[in-house]
1. Within a Cβ distance under 15 Å of residue 15, other residues only, what is the Lys/Arg minus Asp/Glu net charge?
2. Normalising by the residue count of the chain, find the relative contact order in percent from Cα pairs under 8 Å and 6+ residues apart.
3. Given [x] 12.2, 36; [y] 21.6, 78; [z] 27.9, 85 as candidate values of Rg and Dmax of the Cα atoms in Å, which corresponds to the one derived from the coordinates?
4. As an exercise, use a Förster radius of 22 Å and the Cβ-Cβ distance of residue 90 and residue 68 to find the FRET efficiency, rounded to the nearest 0.05.
5. What is the gain in length, in nm to one decimal, between residue 38 and residue 7 on full extension, counting 0.36 nm per residue of separation less the C-alpha to C-alpha distance?
6. Given labels modelled 7 Å from the Cα in the Cβ direction, how far is it in nm from residue 14 to residue 81?
7. If the chain between residue 57 and residue 22 were fully stretched, how many nm would it gain, using 0.36 nm times the residue separation less the Cα-Cα distance?
Amino acid sequence: MPTYVFRCPACGDFEAFATMAAVGPSTPCPACGADAPRGVTAPGLNVGGPTHAMTAAHERSAGAPAVVTAPPPAPGRRRSADPRQARLPRP
């Protein structure tokens, strides 16, 4: 739900949550009841996306790392991503 900023002439700025269909050009101030017009703010773009997913994955694994099923391969021995290459003769 979007957050809108309203500016009361007596009390100053305050935020209100409302759907885009329900918000009007002004609303009463919750402190004094005066008519407060809606202000203009920057939209909240880029909420989520790849940066958010990367940060969330890092935070999930920080306290409890992922469980592994086998030890890592021996050093110096690379495994191929293609299983057909495993049948090729080795030097």
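FYI, it's all coordinate maths here, none of it is from the lab. Note that this is a predicted model, so its numbers are computed, not measured. Ideal geometry is used to build each Cβ from the backbone, glycine not excepted, and the neighbour counts take in all protein chains shown.
1. +1
2. Relative contact order of the chain: 20 percent.
3. The value computed from this structure is option [z].
4. After rounding, the FRET efficiency stands at 0.25.
5. 10.5 nm
6. So the two model labels end up 5.7 nm from each other.
7. 9.0 nm
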